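The values are calculated or read from the model by the stated rules, or taken from the named source; none is laboratory data. Model, not experiment: these values are computed from the prediction. Here the Cβ is made from the backbone with ideal geometry for all residues, glycine too, and neighbour counts use every protein chain on show. These accessible areas exclude ligands, DNA and RNA; they are computed on the full protein's heavy atoms, side chains included. Shrake-Rupley method; radii C 1.70, N 1.55, O 1.52, S 1.80 Å.
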Amino acid sequence: MNKSKYLIDNIFLFFLGNFGSKALTFILTPIYTLYLSTEQYGMVDLIQSTMNLLVPLLLLGSAEATMRFAMDKRMDNNEVLTFSIYILFGGTIILAISTPLLKNIEVFSNYAIYIPWIYFVTAGKGLLSQFCRGIEKIRLYVMDSLMTAAILLGLTIVFLAWLKWEAHGFLLAWIISNGVSCVFLVVSGKLYRYLTISSPISKEVFQKMLYYGLPLVPHSLSWSITSLLERYFVAIFCGLAINGLYSIAFRVPAIMAVFIEVFMQAWQLSAIKEYEVDRDNAFYCKVYKYYSTFIFLIGSGLILSSKLIALLLFKNEFYVAWKYVPLLMCAMTLANLQNYFGTLYTAFKKTNKLFITTISGALVSIALNLILIPWIEAYGAIIAIYISYIVVYIYRYTDTSKFIKININHKRIIATFLVMTAQAVLFTLDLKVSMLFNIAGFMVISIIHGNEIVGMLTTVCRYIKEFKNTVTTAFSDLD
């Protein structure tokens, strides 16, 4: 299959799969802000951030290793999945034993019983979904994402809006929806056929998956710890209410994440396949050009629309969280740019380098958080994110250039960042001319990336035409 068509086909499928789950984030946000106080939302956000820390720590990087080695034709997929399931149960047992200790932590005291269950279904869904991607059961992945989103929406409405269970309802909806997803993937994908519990895992599979996965643990933990500490710093220095506002503001950058996650899921498969075949540098360069243009346009557009989106998503006292959105969009745009190079590390099985570059950014972020948050509150956390991602971007680009050369027009990248930052600062200051300057900024970015925009539109139109011809031919054959 043509490599560009393979990438676009997967982008389309992953878009369908992610649309339901990610769009749900924006549907649920008004419900959360209506039925949870800022303190309650700040608390459940801390639980979510803590889970983002526990999942990679206890899984030992096996989720990513499962996907990568499931695509390796030299590996036994039965052993790959079975190894990961062993790791999953081990982590769950550790948390179950630790539950009495969690009850002594004030913020978790009323919710400690949920923690092992949340971990089991969240990590389990992650493992099974990654395995489905690895064996290219993409349509099953899509169906599962849509089904899980529908269940989560229904349960949230029942538990929060009807039964008024507040934070308990939030956590129960999370557990049940992900639990049903795990059962669906195992049964519908017949994944039980890959489980060989009675057979020992070979030394080769054990060593290769651990060697690949273990560096991903500190990689994931670095950002998770940074994000968690950032939340705690904001909560300590500014209060739980400000932390709730700061946390809810991330819902707008999550709109960008819908599109970026779709691309990254598809691109990861293409990058791995390209690595296994001919490692065409020109293909990596072309994809990066279009990818960077795409995220700049989304980032600039979301800054321009941040107040309107906040009006739709944030209810009651949460509306003021819009003031954090413009600068967050700049930071998240940088995050998405450096993630492209992170995918190259996983494709080329250089996960140890992925960790080294990540830890450098995490240390910068933590240091800046301690300095800036007491001084300028939540804005300090945003600036810390912004600077840390610049560090990681430069580090990763320089390092990946040693094994694959991607030609980048740095002057254009820098010019675009400066325009976006000016947009964000002016919008945050909320001046009378802010909207006018933001519209002008979006137009300038569109002009800077004009050739790539035309190229993307041409590619999309060609793909739509091919899809239409395929459908027409199929119906003609039926006649």
(message) Quick check on my filter: what residues within segment 60-87 are in contact with a Gly (Cβ under 6 Å, 6 or more places away or on another chain) and at negative phi?
(response) 62, 63, 65, 67, 70, 71
(request) Scan segment 381-397 and give yes if some residue there is part of a helix (DSSP H, G or I), of a type outside the set (D, E, K, R) and open to solvent by 80 Å² or more (accessible area, probe 1.4 Å), otherwise no. (result) yes
(request) Go through segment 303-331 residue by residue and tally those that are farther than 16 Å from residue 255 by Cα and open to solvent by less than 60 Å² (accessible area, probe 1.4 Å). (result) 1
(message) Is it the case, given these coordinates, that residue 189 is open to solvent by 20 Å² or more (accessible area, probe 1.4 Å) and modelled with pLDDT of 85 or more?
(response) no
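So, in segment 131-152, of the ones that are over 15 Å from residue 188 (Cα atoms) and surrounded by fewer than 21 Cβ atoms within 10 Å (Cβ to Cβ), which residue ends up modelled with the highest pLDDT?
Result: 151.
Among the candidates 402, 349, single out the residue that is outside any helix (DSSP H, G or I) and open to solvent by less than 70 Å² (accessible area, probe 1.4 Å).
349
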(message) Kindly evaluate residue 411 against the criterion of being in contact with an Asp or Glu (Cβ under 9 Å, 6 or more places away or on another chain) and either at pLDDT below 85 or among the charged types (D, E, K, R) (or both).
(response) no
(message) Restricting to segment 51-63, give me the number of residues that are at pLDDT 80 or above, farther than 13 Å from residue 208 by Cβ and not aliphatic (A, V, I, L, M).
(response) 1
(message) So in segment 159-185, with the set limited to residues that are free of Cβ contacts under 8 Å to residues at least 24 places away in the same chain and surrounded by fewer than 17 Cβ atoms within 10 Å (Cβ to Cβ), which one is nearest to residue 92 (Cα to Cα)?
(response) 183
(message) With the structure loaded, tell me whether residue 156 is touching a Gly at 6+ places or on another chain (Cβ under 8 Å), at pLDDT below 90, within 30 Å of residue 232 (Cβ to Cβ) and surrounded by 14 or more Cβ atoms within 10 Å (Cβ to Cβ) or whether it fails that test.
(response) yes
(message) I'm checking my understanding of the structure. Among residues of segment 23-58 that are open to solvent by 10 Å² or more (accessible area, probe 1.4 Å) and closer than 30 Å to residue 207 by Cβ, which one is nearest to the chain's Cα centre (by Cα)?
(response) 52
